[in-house]
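Worksheet: one structure, shown below.
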Amino acid sequence: MHSRPLEQIVIVGGGSAGWLTAALVAAAHQTDAGPALQVTLIESPDVAPLGVGEGTWPSMRDTLRRIGVSESDFFRNCDASFKQGSLFVGWVDGSDDDAYYHPFVLPQGYGETDLAASWQRGHSAIPFADLVSFQPHLCRSGKAPKQATTPEFAAVANYGYHLDAGKFSLFLRRHCTGKLGVVHVLDHVAAVNSHDDGDIASVQTKLGGAIEGDLFIDCSGSHSLLLGKHYDVPLLSQKHILFNDSACAVQLGYPEEGSPIASQTRSTAQESGWIWDIGLPTRRGIGHVYSSAHTSDAQAEQALLAYVERSGGGAQMLTAPRKLSFEPGYRSHFWHRNCVAIGQAAGFIEPLEASALAMVELSATMLSDGMPANRAVMDIVAKRYNDAFTYRWERVIDFLKLHYVLSKRDASPYWRDNRAPASIPARLCESLALWRSQPPSRYDLHRIEELFPAASYQYIMYGMGLVPEVDRHIRHGEHAELADGYFREAAALARKMLAALPGNRELIGHIVRHGLPTS
């Protein structure tokens, strides 16, 4: 049995995690004679997907290209818009001008010289991201990251997407079943049947009986039916580091049909959490993420409605506030025997910086690229996979905690508690000690496919006001000259792009009507 080749992959659970995984695995194993692996996805007819994960990283462009969909079709079917980064409002101290960008474009001259030292020495009145990157200027003007003549998935300015998660799942489902040979079973999983050695032999469905497989992928969300419930692999809670465990979300229309669509996710700090604000072509998605230990559901909803009132421009609320709860954490391991968990079944921390879909992409891609040929080698692959994703979850936690640790907000226990030394991971403490005297670099984050590169840490740190001390022993004249050249380059690119790029709504309308060039 152990040397038998893998032929049947069974995914339990749909939603973005299940269908993205199905698409990536099925697309990578197509042959002229048909699929080399049979992928079956079992989806409960009663479980509605969460539908909160509406932001992606630029990696999603490559994912969509890999699975063989058209970017124009994606825009038409998923109520999608462009995302060029995040804008953080009120995170530093809550003052009127407290705002900074975390753009997706790397700083101009990144890795070539010490940009931060030159920024501090000669240009400290300008926010770091505004000086080193053209992208914040595009975001402020509501510009699209490409032109109507730019081919599908190509970029003038690096971008990801905002999307309607429910529509995205349906779009992926149609592609998987129509083009990639994925078998879709609409049924409840009632039980799990095991082999004598402890491997899963099949899952028992309510209506269709047993569905056998060689590898089972748990995409059943926070229920974690296979890895959590069947195998008792524990969830390692991270609530002692990142306190948010609740969210309250609404959908809001636009005041007018032609209202501008934001180019970035807006994250606004609140007394005991923060509010996300995402612009889609037909609506805005707004949600308050908070810690139930620091505020009540009623207070959180009140803060959300006050934000909607302030920012809505009189637009109509399309849904009543919807409460969501989650346990921030990740499994002690993700691949156990012939079962691997992806998506919320593996872990979830919080919506900040849209890491959830990016982790699904990384998980499904690593699984697909390293798919074990047979059961005999599966445990070796599983060990490497577990090592990679334990590292990734730890880095997600470090990066998200960085946003809270550097805040100077002091009016509520939530922000003070977030700075308590006991709540800060040891590795982040070490890194921060180092980064007070030198910028984050590739040596700090050295793995292939880091979710958040060193440039992202720089944007957050310098946006939040943590500035490295300037080393007087380095020849700064040379650095300053180089850096000033890059600052001028970023400013020239900003001027050029602002003049040449269309607005978000204008380009999205063009894509929906006419499509983008395919090459």
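Listed conditions (1) assigned to a helix (DSSP H, G or I); (2) crowded, with 22+ Cβ neighbours inside 10 Å; (3) touching an Asp or Glu at 6+ places or on another chain (Cβ under 9 Å) are all met by MET359, apart from (3). When TYR486, TYR462 are screened for being open to solvent by less than 20 Å² (accessible area, probe 1.4 Å) and either assigned to a loop (DSSP other than H, G, I, E, B) or touching a residue at least 40 places away in the same chain (Cβ under 8 Å) (or both), only TYR462 passes.
Given the structure, is ILE241 open to solvent by less than 60 Å² (accessible area, probe 1.4 Å), of a type in the set (Val, Ile, Thr) and farther than 18 Å from SER44 by Cα? When the stated conditions are applied, ILE241 passes them.
Would you confirm, using the coordinates I've provided, whether LYS167 is closer than 30 Å to THR63 by Cβ, open to solvent by 30 Å² or more (accessible area, probe 1.4 Å) and touching a Leu at 6+ places or on another chain (Cβ under 6 Å)?
Spelling it out, it is not the case that LYS167 is closer than 30 Å to THR63 by Cβ, open to solvent by 30 Å² or more (accessible area, probe 1.4 Å) and touching a Leu at 6+ places or on another chain (Cβ under 6 Å).
Per-residue answers, yes or no, for (1) of a type in the set (A, V, I, L, M, F, W, C); (2) more than 28 Å from GLY18 (Cα to Cα):
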position: LEU280; (1), (2): yes, no
position: GLY287; (1), (2): no, no
position: HIS294; (1), (2): no, yes
position: GLN302; (1), (2): no, yes
position: GLY329; (1), (2): no, no
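Among the residues of segment 109-126, not a single one is of a type in the set (Asp, Glu) and at pLDDT 95 or above. Screening LEU516 against (1) open to solvent by 20 Å² or more (accessible area, probe 1.4 Å); (2) over 18 Å from PRO103 (Cα atoms); (3) at pLDDT 90 or above leaves a single unmet condition, (1).
Would you mind stating whether ALA269 is buried (at least 17 other Cβ atoms within 10 Å of the Cβ) and out of contact with any Lys or Arg (no Cβ under 9 Å at 6 or more places or on another chain)? Answer is no for this residue.
With respect to SER407, determine if the residue is among the hydroxyl-bearing types (Ser, Thr, Tyr) and either closer than 30 Å to ASP199 by Cα or open to solvent by less than 20 Å² (accessible area, probe 1.4 Å) (or both). Yes; evaluated as a whole, the condition is true for this residue. Of all residues in segment 192-210, none are surrounded by fewer than 17 Cβ atoms within 10 Å (Cβ to Cβ) and within 30 Å of MET60 (Cβ to Cβ). Number of residues in segment 97-113 that are of a type in the set (A, V, I, L, M) and surrounded by fewer than 21 Cβ atoms within 10 Å (Cβ to Cβ) equals 2.
The values are calculated or read from the model by the stated rules, or taken from the named source; none is laboratory data. Small disclaimer: the values here were computed from a predicted structure and weren't measured. Please note: Cβ atoms are built from the backbone with ideal geometry, for glycine as well, and neighbour counts cover all protein chains shown. Remember, those area values only see protein heavy atoms, side chains included, never the ligands or the DNA or RNA. Shrake-Rupley method; radii C 1.70, N 1.55, O 1.52, S 1.80 Å.
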